[in-house]
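The values are calculated or read from the model by the stated rules, or taken from the named source; none is laboratory data. Here the structure is a predicted model, which means the values were calculated and not measured. Glycine also receives a Cβ, built like all others from the backbone with ideal geometry; neighbour counts cover every protein chain displayed.
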Amino acid sequence: MKINFDNVSKNFGIISALKDIDFNLDNGEFIFIVGPSGAGKSTLLKLILGQIRPSSGVITIDDIDFGRAKKHQIDKIRRKIGVIFQDYQLIADKSIEENISLALDIVNCPKAERQSRIDEVIKKVNLSSRRFLFPAQLSGGEKQRAALARALAIKPSLILADEPTGNLDVENSWNLIKLLKNVNEQYNTSIIMTTHNLDIVDSLDKKIIKLRNGEIEKKK
């Protein structure tokens, strides 16, 4: 998935959450978005998802101007985006397999393909023995791997990972990063990951965008 931010700003009343943001994401690229709390990282992800619209500037995703796009165009793009969150956002009264199945419902996956897709992604994240358990029965690392499996099931062109290691210990954090790196390289899936963990950022030779007070402070 290709994304272009051209002089994008987002205001909430008198508060400027993002100011004059310029960056590009190419197909298969892995980008880290870093910065302190309140820097604008979550706002940037919400703009990509079409949950909010820019106050000024142009966001182009796969040649579609997201600021002017119709709802059906935004929905079509969003069905190509998998998202994983710091707090997992798994449905508590559904098993891991059922959580993944619900994601496939949303993207209208053909019924004939669903079980094979579920089997594939559960194996990918090494949760085959946990597939019928509920989120409360899983460790934090297992929950985040389940969330990644749910994101992968839709065969996304882009994964947005919003502080995905924020609630994980060191070992599980590195295991998740290895999985994301593998997904990026094996499937050519574009990834944008926000994080505070500079050890993880420094360990991978990927593009880095540093935000501070809603502005890009540094690009690498």
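Return the pairs, sorted by first residue and then second, in which the second residue is exposed (fewer than 13 other Cβ atoms within 10 Å of the Cβ), the first residue lies in the stretch 104-128 and is not assigned by TED's automatic domain parsing to the domain that holds residue 184, the beta carbons are less than 7 Å apart, and the residues are 6+ apart or on different chains.
Note: pairs meeting the criteria are 122/128.
State which residue pairs qualify: first residue without any contact (Cβ under 8 Å) to a residue 12 or more places away in the chain and inside the stretch 44-72, second residue crowded, with 18+ Cβ neighbours inside 10 Å and in a loop (DSSP other than H, G, I, E, B) in any location, beta carbons under 9 Å apart, and separation of 6 or more residues or different chains.
71/50
Can you tell me which residue among 22, 6, 87, 63 is under 17 Å from the mean Cα position of the chain (by Cα) and of a type outside the set (Ser, Thr, Tyr)?
Details: 22 fails: under 17 Å from the mean Cα position of the chain (by Cα); 6 fails: under 17 Å from the mean Cα position of the chain (by Cα); 63 fails: under 17 Å from the mean Cα position of the chain (by Cα).
On inspection, the qualifying residue turns out to be 87.
Given 38, 57, which one is in a strand (DSSP E or B) and not acidic (Asp, Glu)?
Just one listed residue meets the conditions, 57.
Quick one: in the stretch 98-126, of everything that is assigned to a loop (DSSP other than H, G, I, E, B) and in contact with a Lys or Arg (Cβ under 6 Å, 6 or more places away or on another chain), which residue is farthest from residue 155 (Cα to Cα)? Spell out the reasoning first.
The first filter runs over the stretch 98-126 and keeps only residues assigned to a loop (DSSP other than H, G, I, E, B), leaving 107-110, 125-126.
If we keep only those that are in contact with a Lys or Arg (Cβ under 6 Å, 6 or more places away or on another chain) too, we end up with 107, 125.
Values: 107: 10, 125: 14 Å.
If we take residues in the stretch 98-126 being assigned to a loop (DSSP other than H, G, I, E, B) and in contact with a Lys or Arg (Cβ under 6 Å, 6 or more places away or on another chain), then 125 is farthest from residue 155 (Cα to Cα).
Would it be correct to say that residue 168 is closer than 30 Å to residue 26 by Cα, assigned to a loop (DSSP other than H, G, I, E, B), assigned by TED's automatic domain parsing to the domain that holds residue 34 and among the aliphatic types (A, V, I, L, M)? Step through it out loud before you land on a result.
On the way: closer than 30 Å to residue 26 by Cα: yes; assigned to a loop (DSSP other than H, G, I, E, B): yes; assigned by TED's automatic domain parsing to the domain that holds residue 34: yes; among the aliphatic types (A, V, I, L, M): yes.
Yes, satisfied.
So, of the residues in the stretch 171-200 that are within 11 Å of the chain's Cα centre (by Cα) and in a strand (DSSP E or B), which turns out to be surrounded by the fewest Cβ atoms within 10 Å (Cβ to Cβ)?
Step by step, filter the stretch 171-200, then rank; the result is 191.
Anything in the stretch 44-77 that is among the hydroxyl-bearing types (Ser, Thr, Tyr) and buried (at least 20 other Cβ atoms within 10 Å of the Cβ)? List them, or say none. Lay out the reasoning, then the answer.
As a first pass, look at the stretch 44-77 and keep what is among the hydroxyl-bearing types (Ser, Thr, Tyr): 55-56, 60.
Matches in the stretch 44-77: none.
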